[in-house]
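S.K.: Below are the structure tokens for one structure; questions will follow.
Here, each number is a calculation from the coordinates, and none is a lab measurement. Keep in mind that this is a model prediction, so the values were computed, not measured. Counting neighbours? That spans all protein chains shown, and the Cβs are built from the backbone with ideal geometry, glycine included.
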Number of protein chains: 4
Amino acid sequence: MDEQTAADERAGLEQASPEVQERIRKSFDSQGLMSHLGARITHIGPGRVHIVLPSRPEVTQQDGYVHAGATSAVADSAGGYAAFTLFPPDSSVLTVEYKVNLLAPAIGDRIEAVGTVLRSGRTLTVCRLEVFGVQDDRRKLVATGQQTLICV
Amino acid sequence: MDEQTAADERAGLEQASPEVQERIRKSFDSQGLMSHLGARITHIGPGRVHIVLPSRPEVTQQDGYVHAGATSAVADSAGGYAAFTLFPPDSSVLTVEYKVNLLAPAIGDRIEAVGTVLRSGRTLTVCRLEVFGVQDDRRKLVATGQQTLICV
Amino acid sequence: MDEQTAADERAGLEQASPEVQERIRKSFDSQGLMSHLGARITHIGPGRVHIVLPSRPEVTQQDGYVHAGATSAVADSAGGYAAFTLFPPDSSVLTVEYKVNLLAPAIGDRIEAVGTVLRSGRTLTVCRLEVFGVQDDRRKLVATGQQTLICV
Amino acid sequence: MDEQTAADERAGLEQASPEVQERIRKSFDSQGLMSHLGARITHIGPGRVHIVLPSRPEVTQQDGYVHAGATSAVADSAGGYAAFTLFPPDSSVLTVEYKVNLLAPAIGDRIEAVGTVLRSGRTLTVCRLEVFGVQDDRRKLVATGQQTLICV
């Protein structure tokens, strides 16, 4: 059992199958934007994915907080991969649309985006998006959204 | 008259005042994310701002198109600065929320985001967001959205 | 040429074919909610539908303006039928999601909702929604939105 | 203790103060649309309001299900009143915008809309909107949304 899996189990989070995890890590690693931003995937469960983005000058807006665009980029990816965990092996996922409310400045040494499938259909999937500002052990909800995805 | 202003006039686009242009360029230059992505601001008019993002491996998703997160990051900034052109000098702008529909893969050698103020209020401003994939002289609408901003 | 068609032509609005018009009027007439609210369809063009709702005490909120729920109900129907004008004869249309910004109180003796197709796909269609408050000949934009529909 | 309060306590739902409950019932009763649709308010807690709408031919779309417009009208009202429970006595509430995903046909003998405050600010409040189709004791999520409100 690797370190991440052990941490997830302590947190009571269910793991996706090794096949699904591999499929998603492979896709994530091929997204130029995610590595350019410095994001990494930290949990892959059935219908639920976490992505963490460390605060760095490269991802800020004019006041030094994480930019709304970076916040929603990782939220969009977390929701997309959450949907993808439930898709058939030979399919791919596209974001149809999403909406995000920015609730508070994204303060902290990192943000954590959580995508959770609310409804999984044959064609369309709907996810909840949540982004937390994390400083040490304190987490604060900084953005919340809703996303529609299509299986193609 | 600089090169950009001349190009805007050929396109029939009205320019914001030099003071507003400077205020916005200064804020844009202080956004770490925009320069990290490689985005540049190409038009600042009253209630309307254009931002261009060249396609590079650093901004793509898994299929090689511009990532929805990068698309919406520049759309969010274009709308935010469009609102900001109409705000008082000593104010600042925050995105309350936005929603974006991704209509087509963001193909082309660059994308161009256009933010346009639909309604400017004392507290809240609503913008339309449009993103085009541009290849040579062809432009195709690849994303459309709507955004709410607050003047603080 | 009936009265509505003549008025549309004066306004420069293209008409949908008689078959499409009949299909849409038949569906509209079977919506209990639209007749209960007192809404009527006033224009059916290819990819564009108008619905008018007279202001009456039955459709107001607590301040006497048209209720946001009534405003968005007619906006949703206008977008749905705009999409439906471009669908094959034996299909039906469902709203996947929509988002609406309420820009101003819906003042006037009626509201007019305009649904316009922005992108028509085989499975998904995206519409722009606009609602105007109308008093005599003055029209004011009171709501604007964006909607995703599915062809089933 | 009235019948509704007793039912809420059995369900573990906290009640708002009598003053807040009266303020909200008075506002609700002055909304022409809610009584015209046949909606009634069934729970008023701090930051949470439930509204029930019985299925009747007057609120349906063309297939006999509750119309998306009626679904979102009661969702919008539930969120608006949930926000209003946390506002100062002499204020009023306006919907800035909302977005709703329609997940499944609204089947059942009634729908129940639940508005829950996610973030309460001095100016802006953000609510989660959920609508359930209810048949006897079975509840199914048929719509989910997110709403921004302003205190004026």
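S.K.: Run the label-point distances for A:GLY64 please: 7 Å along Cα to Cβ, every other copy, nanometres, shortest first.
M.R.: In ascending order, 4.2, 5.1, 6.3 nm.
S.K.: Residues of D:87-95, mean number of Cβ from any other protein chain within 10 Å of their own Cβ, rounded to a whole number?
M.R.: Across D:87-95, the average partner-chain Cβ count within 10 Å equals 2.
S.K.: Determine the alpha carbon to alpha carbon distance for each of C:LYS140/D:LYS140; C:LYS26/D:LYS26; B:LYS99/C:LYS140; A:LYS99/B:LYS140; A:LYS140/C:LYS99; A:LYS99/C:LYS26 and list only those over 32 Å.
M.R.: C:LYS140/D:LYS140; C:LYS26/D:LYS26; A:LYS99/C:LYS26
S.K.: For B:LEU13, what is the net charge nearby, where nearby means another residue's Cβ is under 13 Å from its Cβ and Lys, Arg count +1, Asp, Glu -1?
M.R.: Around B:LEU13, the surrounding residues sum to -2.
S.K.: Hey, for B:GLY12 with labels 7 Å out along Cα-Cβ, what do the inter-copy distances come to in nm, ordered shortest first?
M.R.: Those separations, rounded to one decimal, come out as 1.2, 6.1, 6.2 nm.
S.K.: When each copy gets a label point 7 Å from Cα toward the beta-carbon at C:VAL152, what are the spacings between them in nm, shortest first?
M.R.: Distances between equivalent label points, in nm: 2.2, 3.7, 4.2.
S.K.: Taking neighbour counts of Cβ atoms within 10 Å as a proxy for exposure, in what order, fewest first, do C:ILE107, C:ILE51 appear?
M.R.: In increasing order of surrounding Cβ atoms, one gets C:ILE107, C:ILE51.
S.K.: On to the next question. Peptide A:142-152: average number of partner chain Cβ atoms within 10 Å per residue?
M.R.: 4
S.K.: Among C:SER17, A:SER120, which comes first, second and so on when ranked by fewest other beta-carbon atoms within 10 Å?
M.R.: Exposure proxy ranking, most exposed first: C:SER17, A:SER120.
S.K.: Cut-off 10 angstrom, C-alpha nodes, Gaussian network model of chain C. Which of C:GLY121, C:GLY108, C:GLY79 fluctuates the most?
M.R.: C:GLY121
S.K.: What order do you get for B:GLU58, C:GLU9 when you list them from fewest to most C-beta neighbours inside 10 Å?
M.R.: If I rank by nearby Cβ atoms, fewest first, I get C:GLU9, B:GLU58.
S.K.: Could you tally the net charge around D:ARG119, taking each other residue with its Cβ under 11 Å from the Cβ of D:ARG119, Lys/Arg +1 and Asp/Glu -1?
M.R.: Counting the neighbours of D:ARG119, the net charge comes to +2.
S.K.: Tell me the angle of helix C:18-29 to the major Cα principal axis of chain C, expressed in degrees between 0 and 90 and rounded to the nearest ten.
M.R.: Roughly 50 degrees, rounded to the nearest 10.
S.K.: Sticking with this one: Quick check: Cα centre of the range A:109-152 to Cα centre of the range A:62-92, how many Å?
M.R.: Measuring centre to centre over Cα atoms gives 7 Å.
S.K.: Right, another one. Would you work out the charge dipole size for the range B:3-151 about its Cα centre, treating the Cβ of every Lys and Arg as +1 and the Cβ of every Asp and Glu as -1, and quote it to the nearest 20 debye?
M.R.: Dipole about the Cα centre, nearest 20: 320 debye.
S.K.: Further question on the same structure: With the Cα gyration tensor of the range D:14-57 giving a ≥ b ≥ c as the square roots of its eigenvalues, does the rule (a/c under 1.5 for rounded; else a/b larger than b/c for prolate; else oblate) give rounded, prolate or oblate?
M.R.: Taking the square roots of the gyration eigenvalues as a ≥ b ≥ c, the range D:14-57 is oblate.
S.K.: Taking Cα pairs under 8 Å and at least six residues apart, what relative contact order does the range A:3-151 come out at, in percent?
M.R.: 21 percent
S.K.: Considering only the other residues whose Cβ falls under 15 Å of the Cβ of A:VAL134, what net charge follows from Lys and Arg at +1 and Asp and Glu at -1?
M.R.: Surrounding charge for A:VAL134 is +1.
S.K.: Rounded, prolate or oblate: which fits the protein assembly as shown when a ≥ b ≥ c are the square roots of the eigenvalues of the alpha-carbon gyration tensor, with rounded for a/c under 1.5 and prolate only if a/b beats b/c?
M.R.: Since a/c stays below 1.5, the shape of the protein assembly as shown is classed as rounded.
S.K.: Still on this structure, please answer the following. Can you name the chain B residue with its Cβ nearest the rotation axis from B to C, and give the distance in Å as a whole number?
M.R.: Axis-proximal residue of B, distance in whole Å: B:LYS99, 2.
S.K.: Here is a further query. Taking every pair of distinct Cα atoms and averaging 1/r, then inverting, what Kirkwood hydrodynamic radius in Å comes out for the range D:3-151?
M.R.: For the range D:3-151, inverting the mean 1/r across all distinct Cα pairs yields 15.3 Å.
S.K.: Pick from D:ALA113, D:ALA11, D:ALA104: which is most flexible by mean-square fluctuation in a GNM of chain D where alpha carbon atoms under 10 Å apart are linked?
M.R.: The residue that fluctuates most here is D:ALA11.
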